[in-house]
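Student: My structure is below; once you've seen it, I'll send some questions.
The values are calculated or read from the model by the stated rules, or taken from the named source; none is laboratory data. All values reported here derive from a predicted model rather than from experimental measurement. When we count neighbours, we look across all protein chains shown, and the Cβ atoms used for this are built from the backbone with ideal geometry, even at glycine.
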Ligand SMILES: [Ca+2]
Ligand SMILES: [Ca+2]
């Protein structure tokens, strides 16, 4: 039984694992490479490099209301932890891992645009002894391939082999074995031309050697000796010029030192000490912002910690980070960088299963400030999950969670996830209007909740955003889960010719929704729910780099078949299911959506709602805006005082 890589920070969780398995499985953060620029694609809110905000923060009080989660259903493969994930530009690929009984060589491709999974082909070509299945390996995305390397296999042994998967051809190819020994819980980054692996542990020892693999030549190169002592679970990031390594654990000691390796000079140098107080730890996460490596979280045997700091490789200096509003200190969480903010979600805040969390927060380097992520619709608590940034969403998947009965709690292995969409109104309102955005307004494959589908090819233009709200006739006022519905929002240019844009955002329990990436202009905006007729606001000015705040009032209901008119057809549908229990979201029964008030029952109340709108045709003008907070119509631009929604 291995000892070297037993994780120091999750004692109780490991105990439970031992009860469920004959082996001990240490705990490590996921692939430390979610922040490569190569991973980014999809819809962007604005150009990169937002200028430092100044002045007041319009909508500051509402920022947390604008973000949202969308659930990802269970995959057909086993639940797992210690797997890896990469973002290909179109899909998240999750592979390998462990479910306490099995080492896994299965993988899935998850497409946000269709919200569906595809299984990876099996087996991968990593054959022979030890076998393919593994956990605690690493994965990087090269822009054409996902490279899997190292890890612990079903023989309870570590390996120095790997393979690369090409999602276009759908095929695997084996890698030549590395010139360094097998290992798990090592660091791996993609440099743009090579995969660098460093550190980690075997069954009996810890390592401080490394090597780089070039797909172009299909060859490995040894790294020069590092100035760091051997360790596992160090945090690592690629800056565009160097590999930055910090912290880790060697079975006895936790580390608070770090170093950087610069391939162009083939040299290592030590990092200066991070800002005080410095807590030695393992399993911190590191993201690259384009200017700094932000290292946060991790722990030792007894404690979890918040910031390490922000390391600037240009000046070889550290900056401290605010802890105000930060997430509960944690390890084995997911961290991604969005181009504006670092997102921290999930993980373990303490040694017991009860320490698993399903919350998170966003850190904005520009303002050194944290914003809580909404809990509304968030995935269940978990650790050792993966998180990748798609360009518009953080895609969280897998990990181990908690299942509790009167007998206590057990770890469960998850195969579902969630998609988190931050809406950074701060950046939207304070980013200077881009004159030549390199960011397309629309991608060829918008996600299910991607807000825009254009009918023509867009030209680069300054973007605008909508922060909207609705109520639904017949349903309680907010906050109420009956308001968690998908909306259809249509932007029709009012004055100048242009494409009609449609968005399908989800409202939250407050009825709030958002749409962004809208080319600045003047639009007629029409909002419809599946069971409502639409309401329309005419000639709304959407200014560049600003958020337009608008309440669309109470949507009139009664449209059972979604054709934007309430007539005899809807009445017939209602009558066909009258008195029945039904669910519009899941039932395919005609008339299932006649449950206008979301009581899961079609009854006289639904009939009355339909009757109240019988004969009406959408769109209709906005009716009744009962929320004074959101009754302010028009455009909110920099300089508007906060407190509108106090
Ligand atoms: Ca109808
Ligand atoms: Ca009902």
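Student: Please list, ordered by residue number, the strands (runs of 3 or more DSSP E) wholly in the range 460-523 having 3 or more residues that are crowded, with 16+ Cβ neighbours inside 10 Å and at pLDDT 85 or above.
Tutor: 463-472, 487-493
Student: For the range 564-585: of the residues being touching a helix residue (DSSP H, G or I) at 6+ places or on another chain (Cβ under 8 Å) and assigned to a loop (DSSP other than H, G, I, E, B), which is nearest to ligand 2 (Cβ to nearest atom)?
Tutor: Selected residue: 582.
Student: Something else: Report the residue count in the range 262-287 for those that are in contact (Cβ under 8 Å) with a residue 12 or more places away in the chain and surrounded by fewer than 24 Cβ atoms within 10 Å (Cβ to Cβ).
Tutor: Total meeting the criteria: 16.
Student: Another question about this same structure. In the range 592-623, how many are within 12 Å of ligand 2 (Cβ to nearest atom), buried (at least 20 other Cβ atoms within 10 Å of the Cβ) and in a loop (DSSP other than H, G, I, E, B)?
Tutor: So the count comes out to 5.
Student: Output yes when any residue across the range 550-558 is in contact with a helix residue (DSSP H, G or I) (Cβ under 7 Å, 6 or more places away or on another chain) and more than 16 Å from ligand 2 (Cβ to nearest atom), and no when none is.
Tutor: Yes, the range 550-558 has at least one match.
Student: Let me ask another. Could we say that residue 559 is in a loop (DSSP other than H, G, I, E, B), within 16 Å of ligand 1 (Cβ to nearest atom) and touching a strand residue (DSSP E or B) at 6+ places or on another chain (Cβ under 7 Å) here?
Tutor: yes
Student: Still on this structure: Given the conditions (1) touching a helix residue (DSSP H, G or I) at 6+ places or on another chain (Cβ under 6 Å); (2) crowded, with 22+ Cβ neighbours inside 10 Å; (3) under 20 Å from residue 484 (Cα atoms), which single one is not true for residue 533?
Tutor: That leaves (1) as the condition not met.
Student: Let me ask something additional. Which pairs do you get when a residue that is within 21 Å of residue 485 (Cα to Cα) and without any contact (Cβ under 8 Å) to a residue 60 or more places away in the chain, found in the range 598-616, comes within reach of a residue that is more than 9 Å from ligand 2 (Cβ to nearest atom) and assigned to a helix (DSSP H, G or I), reach meaning Cβ atoms under 8 angstrom, with the pair 6+ apart or on two chains?
Tutor: Once the first residue is within 21 Å of residue 485 (Cα to Cα) and without any contact (Cβ under 8 Å) to a residue 60 or more places away in the chain and sits in the range 598-616, its partners that are more than 9 Å from ligand 2 (Cβ to nearest atom) and assigned to a helix (DSSP H, G or I) give 602/574; 607/574; 610/570; 610/571; 610/574.
Student: Does any residue of the range 483-503 turn out to be within 31 Å of the chain's Cα centre (by Cα) and within 16 Å of ligand 1 (Cβ to nearest atom)?
Tutor: Yes, some residue in the range 483-503 is within 31 Å of the chain's Cα centre (by Cα) and within 16 Å of ligand 1 (Cβ to nearest atom).
Student: Assess whether residue 528 counts as being in a strand (DSSP E or B), within 16 Å of ligand 1 (Cβ to nearest atom) and modelled with pLDDT of 80 or more.
Tutor: yes
Student: Could I ask something else about it? Among what's in the range 595-605 and is more than 16 Å from ligand 1 (Cβ to nearest atom) and touching a helix residue (DSSP H, G or I) at 6+ places or on another chain (Cβ under 9 Å), pick the residue that is nearest to residue 616 (Cα to Cα).
Tutor: 597
Student: Only residues that are away from ligand 1 (no atom under 14 Å from the Cβ) and either touching a residue at least 40 places away in the same chain (Cβ under 8 Å) or assigned by TED's automatic domain parsing to the domain that holds residue 481 (or both): list them for the range 567-594, please.
Tutor: Correct list: empty.
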